[in-house]
Amino acid sequence: MQTAIFILIVLVFVAVSGALVRLVRVPLPVLQIAIGAALAWPVRGIHVEIDPELFLLVFIPPLLFSDAFGAPKRELIALRRPILDLAIGLVFFTIVGFGYALHWLVPSIPLVVAFALAAVLSPTDAVAVSSIVDRNVVPARLMHILEGESLLNDASGLVMFRFAVAAALTGSFSFAAASLSFLYAVAVGILAGVAALFVAAKMLQLLNRIGGVPAEAQVLITILLPFVAYLAAEHFGASGILAAVTAGLLTGSTGIFRFLGVSARMQTISLWTTFSFVFNGALFIVLGLQLPEIIRKVPAELTGHYPVVQPVLTVLALTLCLIALRFVWIWIGDITAGIAARLGKREAEPFGLRVRLAGSVAGVRGAITLAGILSLPLALQDGSPFPARDLVIFLAAGVIICSLVIASLALPVIARGLVEPGEDAGAAEERMARVGTAKAAIAHLESITQTDEEEGDVPGIRLAAANGIVAAYRRRIAAADEADEARAEVREAGRLEIDLRLAGIAAERDALRAMLRRGEINDHTARALFTEITLTEALLNGRQTRK
């Protein structure tokens, strides 16, 4: 019962944080950490014992799947070189450089444990970055690289983290064996993700053929997909992390959604958006809840003669070390890419000093780092406590908070002016797509009405209906026209039409409520009609906002 109450409290304050972030000018992850700390401090921290493997299973697959599913695939492919350079090369560079720096700065942490902390700190969190700074401030190319990096380095960083933890548990490490194990984990993990997606597609296809299957059953299959992929890979000793990422990346491109009904599609998209918000928020609130107790348990070797200042300075030094390592690697990668472009007689696209600095500061740590570090085993194989566990959890939590604070303060200043004023490329692409689809629809409708006239199929009724739809498509095309006068006229007409439709919807809702009160309809009928009205109203409000 206590665990259930704890979960409900966390979920309630995740929702509260979503409302409070609109009132206070604080990044959402920082606000959620503060809420958790405020809840925990009076009662000396709230702790719920949880198995590390269970913790990874609950949080990692849905988070990685959701991030992979929403990632811009086209941009990831186009920018694959810098993304892979950061997602793989920078991870190993960070593990070596940060691991030795940490062991030198805090000698009480064994080197293999320092490598484990470095590995779990190597993944970045683009969701936290987007909550700190507006996408219109950061160049689109840099933002896509950060998104792709955060997606792939979750896998590489956490895989290396598990190898380091295994070395700490067994007390031995073989580079050759670790390399083979890494390749096996990657290959089988990818295959497990593909296999899980194939099975899910076949199940959805079967349900689609049966017909009449509730949308909730179809949605449940999409929910289970990342967990099945993760567990299948883990069963064969491979990377469940890569399996979940692979399933998420391929879900959109494989056409699996064509087997889902309209209702199931809407529920799936809405549900995964909610999952991403809830799981990220829950992790940061859990971090805040643990923070007071983590601070109270800071080992004496870190406090020294200055119990408050020394831990803060240590965390700050480690955070600046991570930023410096990122800057050096991005700078080296930029120079290497320029040399390769000149050798290949291609035009180089250098980042420039400010973009390199923005990319370095934007490498904040977030939910994945927290989930990984909290999954550290409590004890070694001989039953003795895991070395420096409380200390590295404190350092990881401190680096997460410090990187968020530094990015929230410095990134808007560094990125100011990097994006030239003008229309967003995404908005222009969306307008082009709207025009193209509208023209295709008009051509199809005109061909249908022409065929009906030739066959003598009640041309008057069909033609009138088609003309009304074609007129709506032509208004869409005119609204996308570059001519300001034409666009203004069409937008005003569209605004008036939307206002009238919204007024009619309000009257529909009032009448529906009156019929429900009078007992003329039951709750099921009212719920179905209210849902239909709400969806229509949402579409109209979306159109009104875009106008």
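The values are calculated or read from the model by the stated rules, or taken from the named source; none is laboratory data. All values derive from a computational prediction rather than experimental measurement. Because the Cβ atoms are built from the backbone with ideal geometry, glycine has one as well, and the counts that use them run over all protein chains shown. Accessible surface areas use protein heavy atoms only, side chains included; no ligands, DNA or RNA. Shrake-Rupley method; radii C 1.70, N 1.55, O 1.52, S 1.80 Å.
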Full-stretch length increase - Arg517, Val328 - with 0.36 nm per residue and alpha-carbon distance subtracted: 61.2 nm
Can you work out the FRET efficiency for the pair Glu216 and Ala187, with r the C-beta to C-beta distance and R0 = 41 Å, to the nearest 0.05? 0.70
Could you go through segment 402-412 in sequence order and give the Karplus-derived ³J(HN,Hα) for each residue, using 6.51 cos²θ - 1.76 cosθ + 1.60 with θ = phi - 60°, rounded to whole Hz, and x for Gly and Pro? 5, 5, 5, 5, 4, 5, 5, 8, 8, 4, x
Ile77 to His235: extension gain in nm, 0.36 nm per residue of separation minus the Cα-Cα distance? 53.9 nm
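Rounded to the nearest whole Å², what accessible area per residue is found for segment 147-219 with the 1.4 Å probe?
Working: 3540 Å² over 73 residues.
Per residue, segment 147-219 has an accessible area of 48 Å².
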Using a Förster distance of 41 angstrom, determine the FRET efficiency expected from the C-beta separation of Arg209 and Ile335, and round it to 0.05. 0.15
What number comes out for accessible area per residue over segment 353-399 if the probe is 1.4 Å? Units Å², please. 30 Å²
Efficiency of FRET between Ile223 and Ala19 - r from beta-carbon atoms, R0 30 angstrom, step 0.05: 0.70
Computed on Cα atoms only, the convex hull of segment 140-213 has an orientation-averaged projected area in nm² of 8.6 nm²
